[in-house]
1. For segment 63-200, what is the accessible area per residue in Å² when the probe is 1.4 Å?
2. Between LYS30 and GLN71, what is 0.36 nm times their sequence separation minus the Cα-Cα distance? Round to one decimal in nm.
3. Rounded, prolate or oblate, given the Cα gyration tensor of segment 127-203, with a/c below 1.5 counting as rounded?
4. Please give me, ordered by residue number, the trypsin sites (Lys or Arg not before Pro) of segment 106-203 that lie in loop per DSSP and have at most 11 other Cβ atoms within 10 Å.
5. Tell me, what ³J(HN,Hα) does each residue in segment 170-177 have, in order and in whole Hz, if you take phi through Karplus 6.51 cos²θ - 1.76 cosθ + 1.60 with θ = phi - 60° and put x for Gly and Pro?
6. What is the sum of charges around ALA78, taking Lys and Arg as +1, Asp and Glu as -1, for the other residues whose C-beta is under 10 Å from the C-beta of ALA78?
7. Using per-residue counts of other Cβ atoms within 10 Å, averaged over each peptide, order 31-39, 122-130, 59-67 from highest down.
8. Given a Förster distance of 35 Å, report the FRET efficiency between ARG201 and ARG177 from their Cβ-Cβ distance, rounded to the nearest 0.05.
Amino acid sequence: VSFEHADLSLKIDPATRSIEGKAILSLKAKSALSKVVLELDKNLPIDGVKVNGQVLAESAIRNPEGRLSLQLPTAIKAGDIAEVEIRYHGVPRIAERAPWDGGFVWTKTPSGEPWIASAVQGEGCDLFWPCIDHPMGKPNSMSLHFSVPAPLVVAGNGVSMGMEEKDGWRTYHWQARMPSTYGISINVGPYALMEGQYKSRFG
């Protein structure tokens, strides 16, 4: 398949050290496709899967040892798009010796505020989102929507597309082009924005 686009929404809760996620992956079939195989850590239970809007039966979803296999209800023809939506939740692995082992780091600043990061360079993207865990598995583009309790800030990949605040939660939007899947990262803290202006040689 060709990985056209990934849209990842992730709610990160420091109080329970848990996440809730929804990933929408747009995959273009290079040949007829009856099954989609991805990676997602077995620590993260799957709440439901849709393919092109059609709900998959539980029997069509298998995730032995983090190798996520989805049996499609209708085969996808070559050249067509399979839009795979996966909802999941759980407590991600904790990195005991980041960055030497993979998982999440849940710690606090000296003033006691949450400070959260991911370390997946070794183990791979599937520690917190369903992906193609391979160097050739880059999506052409990726949208990120990370939600955290206000007033925390999420520093993300690519270009910032803004922030929305509602009901005590902030959702930060980021957009990236052809990111390495293992490079998609979580960085949450009481960050302060520093900005300035300069005139480049291009004006």
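1. Heavy-atom SASA per residue in segment 63-200 reads 57 Å².
2. Taking 0.36 nm per residue and subtracting the Cα distance, the gain is 13.1 nm.
3. Working: a/c = 2.30, a/b = 1.11, b/c = 2.07.
It is oblate, given that a/c is not under 1.5 and a/b is not larger than b/c.
4. LYS199, ARG201
5. Those phi angles translate into 10, 10, 9, 10, 9, 10, 10, 10 Hz.
6. Values: positive: LYS28, LYS30, LYS77; negative: ASP80.
Taking every other residue near ALA78 into account, the sum is +2.
7. On the way: 31-39: 15.3, 122-130: 23.3, 59-67: 13.0.
Sorting 31-39, 122-130, 59-67 by mean packing, highest first, produces 122-130, 31-39, 59-67.
8. Working from the Cβ atoms, E equals 0.90.
The values are calculated or read from the model by the stated rules, or taken from the named source; none is laboratory data. Bear in mind that the values here come from a model prediction, so they are computed numbers and not experimental data. All Cβ positions, even for glycine, are placed from backbone atoms using ideal geometry, and neighbour counts span all protein chains on display. Side chains are part of the model used for accessible areas, which takes the heavy atoms of the whole protein and leaves out ligands, DNA and RNA. Shrake-Rupley method; radii C 1.70, N 1.55, O 1.52, S 1.80 Å.
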